[in-house]
Each structure stands twice: as structure tokens, then as C-alpha cells.
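Here, each number is a calculation from the coordinates, and none is a lab measurement. Being a predicted model, the structure only gives us computed values, none of them experimental. For neighbour counting, all protein chains shown are included, and Cβ atoms are generated from backbone atoms with ideal geometry for every residue, glycine included.
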Amino acid sequence: MRTRLKDVIESLVFVSLEPLNLEKIKNICTEFSNIEIEQAIQELLESYASNDRGIQIIQAAGGFLFSTKSESDQWIRRLLSLEQKGKLSHAALETLATVAYHQPVTLAEISALRGVDASHSLKSLLRKNLVKITGRKKSPGRPLIYRTTDKFLTYFGLNNIKDLPSEEEILKILDEEKILD
Amino acid sequence: MEEAKDYQVNLEVFQGPLDLLLFLIRKKKIDIHDIPIATITREYLAFLTQKEKINLEREGEFLLIAALLIYIKSQMLLPRESELEDEEDPRKILVDRLLDFQKIKAASTLLSEKEDQQTKLWKRSAPPSLPTTEDAELVEVSLFELAEAFLSLMKRKEQENIRLIHGKEFSLEEKMKELIDRLKEHGFLDFLEYFNSQESFEEALISFFCLLELIKAHIAIAVQDSLFHSIKVWPKQGARP
């Protein structure tokens, strides 16, 4: 019975476009108890973790999804005739980091923190669906409020917004830079 | 001044004035909490004057920080009756901003590392092909797309020859009722078709407001077969699965 459930969950992850979360799996596999489902997921993860395959199951944005392994990257790009995968610009990354660590945040606040006008990079992040508008601030001018999206989490391989590099990690980087100087 | 020139760095390489300041502070191995404001202001201004012309639109922010530096410098030069307390250090605004910015910069380095790792992992980005029944791949459309469709329609209407001016007034409530009735009766409503059937610009406008209200109140939902296709409006309850 349990092996079958494991297969079912594997298939669900395979077909699902977005990271498939536990809640969804439970809603779909109504015939099984929560414990059975959690056990089956555990087994599935273990069998993939046995390092016997080219595909892995990763957790991002609170759900499970398949991904290739980094070692295969160059051959995949050859298949797709891709020189390099497009990456975010320096300014976009900085704006994104500002939103991620200061959200909910307004454009004026982002610009003040970065010391430059961030409207351009913010627009491109909106277009890429990495940040979203979540409302307006109850302050003069009622400026729009921005937050990061689930796609942001998936893009950076984060399971949860709490998985963002912590304050300590950031301070460590700063220390290292000081030593380099 | 000479020193800054030695470096031969353009303003373009900096992500804004705070970035430049941090660079100068590091170069001088200065403690960020105890910036010799006169020195750093001199260095900073030297950097700006390196450029023959300042593009106000792109580099105005550099001038803003220059003004802040000069302001702080002047504050520090002013004689005071009593010793400054730590809290009142005029450099504090600058230091706080620099510390915040430094963190963001470090965070964006970390994110960039993560991005490097993640771009090597390939994930599915297209859905498995679904059976192609007529409206199998409905996408929920945003209000922006709805507004865009409405505008394109109104543009078309505008080009038609307008002959007379209607004096009729439309009330929101009436229109709202009409819309709901229509949704109940037909089960759905073709956005473009519906607005095309409206007699005047005002009527169409009022209907559009009603529609937005309905969607906002979660009474109706707008879906689209695929991009650039007509938008359909469904009542939310008992709508499609």
C-alpha cells in the first residue's frame, strides 16, 4: 500500500508545475492518512537522496519539485543550445535583496536604502514576477507596497523566506571583506 | 585628489553614491563608525570632479550625498558649547545609512551566489500537455489585462462615427443588476462582445466599473483562453471547477 502511495506522490511532483506542497498532496490523496503520506514522502526523498539518479527532488517555496543536478548543466545547455542562462543584473539583485530583507517596503524606502532611484530595477523585477505589489501603505500618497513572490523563493532555491541568509551570515561576509582589504 | 585619479575608476562602476563612499572608506581602511568627514568629503568630491559633466538624471544621487557630506562637515566645524553626545554625532545619519547599505550589498552577494547555484539546476517550466478541449487552459487574468482589453475596445469605438449625444443616465446599481442577471442567465459573459453591444461610451464605462466591482467582491472571475484572446467572465460560485 505504502509503496503505491510513494509512486503516486512521485507522479504528482512530476506533473506539477509549481513546487507541490504537503497541504496539496494531502488534499489530493484523501484515501491516505497524514502519517502515511508523510512517511511516503520521507521514503521518496530517501530513495532520491541515495544518489543513484540524475534527477533530484528539492524543496523550494514550501513544496517539492524535481530538478536536474548541477553537474549536468553544461550538457543540458548544449541540448538547448544555450551559452549561458540569463542572470539578474547587479542593480536588480541589490533591489531584490532590499525588498527581501525589508519587506513590506515601498519604492521610496528601497531607493533611500540603496541611495539610488530603484524604480527601473523594481519594474524589471515585477515583470520577472520576483516581486509583487501587495497593497498600499497607509501614509501620505498611499505608496505601493512590495514583497517578494514564491517565484523568488524557487529562483533562489529557498524553501521559505526564513531561509534567506541570516544576519550572521551577512556579517561574516562583511568581516571577510574587511580581511581582504 | 591625485590619489583618486590613480584609481581610474568611473562612476559607472558604482551602484550609486553609497557604494562609492564604501569604496573610499575601505580604500582608506577607515572605521565606518568613525569617519574622518573632512578627508572623505574631499575624496568624494575629487571623484565627482573627475567627471567633466554630471548627468543629473543618472548621477544626481551622487550630488545628493555630496551635499549631505558637506552638511555634516559644516555641522562638525561649528563650535559647540558643550561636548557632543554620541547620539548627536552629525555623522550618525550617514553611518546608519552606510551600515544598512553594506548589509544589503552583502546580502545581494549571497543571493548572487545562490543564483549561480540555482541556474545550474534545471526545473520544469512548461506544463505537461493537457487534453485540448476548447477552454482547457484558462488563465485567470489580472485587472490590468482587463483594463487593457477595455481600452483597446474603447479605442475602436472611438473611431466609429459618433452621431448624437445621449442624455440618458446610467446608474451603477442598475448596471450591476443587469450584469449579475446576465451572468446568471448565460452562465458566462464574453468581455469584448458585451462591451461591443453597449450603446455609448458612458454606458460601457459604467459597465466596466461594475465588472471591476464584481471581480473585486469575488462575485465574478475573469479568465482568458490564452494571451490576447477574448476574456470571459464567470460567476464565481458554481463556476468552472
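Here is how the numbers come out for the structure above:
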{"read-out": "Length added when fully stretched, B:ALA46-B:ILE70, from 0.36 nm per residue minus Cα-Cα", "value": "7.3 nm"}
{"read-out": "Hydrodynamic radius of chain A per Kirkwood, over alpha carbon pairs, in Å", "value": "19.3 Å"}
{"read-out": "Estimated inter-spin distance, B:GLU213 and A:ASN21, nm [label 7 Å along Cα→Cβ]", "value": "3.4 nm"}
{"read-out": "Shape call, the range A:116-181: gyration tensor on alpha carbons, a/c limit 1.5", "value": "prolate"}
{"read-out": "Contour minus Cα-Cα distance for B:ASN196 and B:ASP34 (0.36 nm per residue)", "value": "51.5 nm"}
{"read-out": "For the range A:53-118, the Rg and Dmax computed from alpha carbons only, in angstrom", "value": "17.3, 48"}
{"read-out": "Total charge dipole magnitude, chain A, about the Cα centre, Cβ charges on Lys, Arg, Asp, Glu only, Debye to nearest 20", "value": "1060 debye"}
{"read-out": "Kyte-Doolittle mean at least 0.0, axial Cα span of 15 Å or more - DSSP H helices of chain A", "value": "A:2-15, A:90-102"}
{"read-out": "Label point distance in nm, B:GLU113-A:GLU177, each placed 7 Å from Cα along Cα→Cβ", "value": "1.3 nm"}
{"read-out": "A:SER70 versus B:GLU148: modelled label distance in nm, points set 7 Å from Cα along the beta carbon direction", "value": "3.7 nm"}
{"read-out": "Inter-part distance where the range A:24-41 and the range B:169-195 are each reduced to a Cα centre, Å", "value": "43 Å"}
{"read-out": "Amide hydrogen neighbours beyond the local backbone of B:ILE221, cut-off 5 Å, H modeled", "value": "B:TRP234, B:LYS236"}
